[in-house]
Each structure stands twice: as structure tokens, then as C-alpha cells.
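Asks: Before I ask anything, let me first share the structure, which is written out below as C-alpha cells.
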Amino acid sequence: VLSRYLDSVDALVQANAAGALQSISFHEEGRRELRREEGLVSKIVGLLRSETPRVRARSAGALHNLSSDPGTIHAIRVEGGIAELVRLLKDGDGAVAASAAGTLQNVSREVASRSMIRESDAVKHLADLLCCDHVQCQVCAAGALMNVLGPEISTHPHSKPRKAFSKLISQCLTLGIIYSAVLDESCSGGRVVA
């Protein structure tokens, strides 16, 4: 029923419908029910192109939640979602970029999707997000990089090269958070901390 509101010409209706889907898809039972709805992923992927930030944010959030279900990952890839999510990594809204990074983190569990992500500009944009001023974005970018590049380093998650890569990403994430806190005027009482 909610999916028909995604087709509305009213951006507020689209945002509210996508927000409701985001809430429903937060729970496993909701994801299971939504997976049965024909064409839902295609409609949500289409809304990632919206000019309205709120529609993009809620649509990306809905895909982020839906992508935790392995059955939905294939649909996101087939519907062109990966290219749209990679594009959203550059969105000026930190919540949108964070949801895009988080979705790519989940989607990259599928080998075919991981390959598409690696072949795009995603790795560069994810690395850039490690030093952005949005903590959730930084964390999701780190997770996505681990999933996208980790298996290329070693198929064994506890190998020395994979552990070294994990440590490097963790250090980059820590530096990014510290960098943001030091240079963010709202975190330092309105002055740059020297």
C-alpha cells in the first residue's frame, strides 16, 4: 500500500512514504513483508535521484535497512541501485551519504555487487568520507571499505594482511573523527583548537 505513495508527484508524500518504509524495514519482520512487494526496490532506487534532500535521505535510509536482508541485495543491484548509491556518497547531506555508505556496506556482501562497487568510484569516495564531519558517515564508510576491499586483501578474515588493513581503516576513522572534532567550531566552542 505504501509503495503507491512513492509514485506521488508531491515530494512531501514521497518523503513520508519512504520514511514509513524506512521504519518498517528496520525490523526483520517488516523487511520480510516488504520483500514480497513487487517493484518496491525499483521505486525506492528511483527516488534516490530526487532533487528533494528529504526524499533522498529517507529513500537511502529505507534501502539501507532493506539491504540487511540478503534477498534484497540482488534487487538493489539489478535495479541500478549501486550506481545511484555511489553517486550519493558525494551528497552534501551527511545523513544521505551515511545511508548510501551503509547500504553499500551491506550490498557488498554479494560478490557481484562488491565487484560493481570496486569498479566504480566508490572506494575513492568512501575514503574521502572517513574525514567528513558526520560520524555516522565516517563509520559506515569504514565498514563499506572493509567489506569492499577486505576480501581482495585476503579471503581469510583473521589473516595478518586483513588484520593490518582493518587496523589501518580503524586508524583512519579515528583520525577523521579527531580531525572533525578539532576543526569543527561547534565542537571546540567556536574556535579552532591548536
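The values are calculated or read from the model by the stated rules, or taken from the named source; none is laboratory data. Only a predicted model underlies this, so the values are computations on that prediction, with no experimental measurement involved. A quick note on method: Cβ atoms are made from the backbone with ideal geometry, for glycine too, and the neighbour counts reach across all protein chains shown. What goes into the accessible areas is simple: the full protein's heavy atoms, side chains included, and nothing from ligands, DNA or RNA. Shrake-Rupley method; radii C 1.70, N 1.55, O 1.52, S 1.80 Å.
Asks: At most 10 other Cβ atoms within 10 Å and a DSSP loop assignment: could you name the trypsin sites (Lys or Arg not before Pro) in the stretch 1-98 that fit?
Replies: Sparse-neighbourhood loop trypsin sites (Lys or Arg not before Pro): ARG36.
Asks: Ignoring GluC sites (Glu not before Pro) that are buried or in helix or strand per DSSP, and keeping those with at most 16 other beta carbon atoms within 10 Å, what is the longest stretch of the chain between them?
Replies: In the chain, the maximal stretch lacking such sites is 52-184.
Asks: Shifting gears a bit: Relative to the present Cα-Cα distance, how much length would full extension add between ALA164 and ALA11 at 0.36 nm per residue of separation?
Replies: Going from the current span to full extension adds 50.6 nm.
Asks: Identify the residues of the stretch 111-133 with backbone N under 20 Å of a label point that sits 7 angstrom from the Cα of ILE178 along the Cα-to-Cβ direction, or state none.
Replies: 127-133
Asks: Would you mind working out the accessible area per residue for the chain, using a 1.4 Å probe, and quoting it in Å²?
Replies: 52 Å²
Asks: Per-residue HN-Hα couplings for the stretch 72-79, Karplus 6.51 cos²θ - 1.76 cosθ + 1.60 at θ = phi - 60°, whole Hz, x for Gly and Pro?
Replies: 3J(HN,Hα) across the stretch 72-79, in whole Hz: 8, 4, 4, 4, 4, 5, 5, 7.
Asks: Hey, rough spin-label estimate for GLU29 and VAL111, points 7 angstrom out along Cα→Cβ, what's it come to in nanometres?
Replies: Label-label distance for GLU29 and VAL111, simple model: 3.6 nm.
Asks: To make sure I understand the rule: partners must be lysines, Cα under 23 Å from the Cα of LYS90, and not fewer than 8 residues away in the same chain. Which ones qualify?
Replies: Of all the lysines, those that pass the test against LYS90 - Cα under 23 Å, at least 8 places apart if same chain - are LYS43, LYS124.
Asks: Between ALA20 and GLU152, what is the spin-label point distance in nm, taking each point 7 Å from the Cα along the Cα→C-beta axis?
Replies: For ALA20 paired with GLU152, the spin-label model returns 4.1 nm.
Asks: At a Förster distance of 35 Å, what's the computed FRET efficiency of GLN171 paired with ASP121, Cβ-Cβ distance as r, to 0.05?
Replies: 0.90
Asks: Can I ask one more? For the stretch 8-124, what % of the accessible area comes from carbon and sulfur atoms, probe 1.4 Å?
Replies: Carbon plus sulfur share of accessible area: 50 percent.
Asks: Would you mind telling me the share, in percent, of accessible area of the stretch 128-188 contributed by carbon and sulfur at probe 1.4 angstrom?
Replies: So the carbon and sulfur contribution to the accessible surface is 63 percent.
Asks: Binned at 5 Å from 0, what are the whole-percent values of the Cα-Cα distance distribution for the chain, short to long?
Replies: 1, 9, 16, 18, 18, 14, 11, 7, 4, 1, 0, 0
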